[in-house]
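Chemist: Submitted below is the structure of interest, expressed as structure tokens.
The values are calculated or read from the model by the stated rules, or taken from the named source; none is laboratory data. None of the values given here were measured: they were computed from a predicted structure. Cβ atoms come from the backbone with ideal geometry, glycine included; neighbour counts cover every protein chain shown. To get the accessible areas, we keep the full protein, side chains included, count just its heavy atoms, and leave off ligands, DNA and RNA. Shrake-Rupley method; radii C 1.70, N 1.55, O 1.52, S 1.80 Å.
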Amino acid sequence: MGDAGQAYGATSAVLSGLALLGVAVSLVIQQRQHRMTEEQTVRQRHFDLVRLTLDNMKFLNSWGFVPQVDYDPALIGFSNLVLTYWLMLFRIGHMDEEMLRTNARGFFAGQVGRDHWRQDGESWPAIGERDKKFVEILNEEYHRAMESGPATVVPPKHHATEIDRRLPAGARQALVYGAVIGTAVGGYLAGRSRRRN
């Protein structure tokens, strides 16, 4: 009877430990799912704000900066959406380094990509090792493109519209910084999730 009791007690302890481990794993999975949902919500808000501004340039009045370019500043805002998308793919492993470098070479062959990175590359948020690697690769490809000669894709010069003329100096650049802020928030959430894990 004593041996049976000891065997039962040991089995019970093992089963209790496994049950507790199962609960812990379940909580970790739920927490990760919650953080992924939270980050996706932030990214969607960022995308919606930039899209609204691209659709209606009068909203630039609410931002506060202007890209120093002689073509449509909306192109800078759109290029930020492109880079944010690539960052998301690179972060989750759906874009490897080789593909990122290939994309970056095409991006920096154009004047818009070069202007965007020249103005905002240093302030690009890099939270976590994956994000830092992303920025490092883009910096390398940007400098390589600049050393290779002038841009091969140059957008047509922008003729100011009535809305553009009403904007105070510096208003349109907010499109870029608003997108960067959205990226920073997404990066912060991703970095926080990695630190917790």
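The rows are residues; the columns are (1) more than 22 Å from Val154 (Cα to Cα); (2) open to solvent by 40 Å² or more (accessible area, probe 1.4 Å); (3) modelled with pLDDT of 70 or more.
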| residue | (1), (2), (3) |
| --- | --- |
| Thr41 | yes, yes, yes |
| Leu54 | no, yes, no |
| Met57 | no, no, no |
| Gly77 | no, no, yes |
| Leu87 | yes, no, yes |
| Arg91 | yes, no, yes |
| Met99 | yes, yes, yes |
| Phe108 | no, no, yes |
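Chemist: For Lys157, are the conditions met, namely being modelled with pLDDT under 95, surrounded by fewer than 18 Cβ atoms within 10 Å (Cβ to Cβ) and not in a helix (DSSP H, G or I)?
Modeler: In short, yes.
Chemist: For the stretch 120-137, does any single residue satisfy the condition of being in contact with a Gly (Cβ under 6 Å, 6 or more places away or on another chain), at pLDDT 90 or above, within 17 Å of Pro73 (Cα to Cα) and surrounded by 15 or more Cβ atoms within 10 Å (Cβ to Cβ)?
Modeler: No, there is no match, as no residue in the stretch 120-137 is in contact with a Gly (Cβ under 6 Å, 6 or more places away or on another chain), at pLDDT 90 or above, within 17 Å of Pro73 (Cα to Cα) and surrounded by 15 or more Cβ atoms within 10 Å (Cβ to Cβ).
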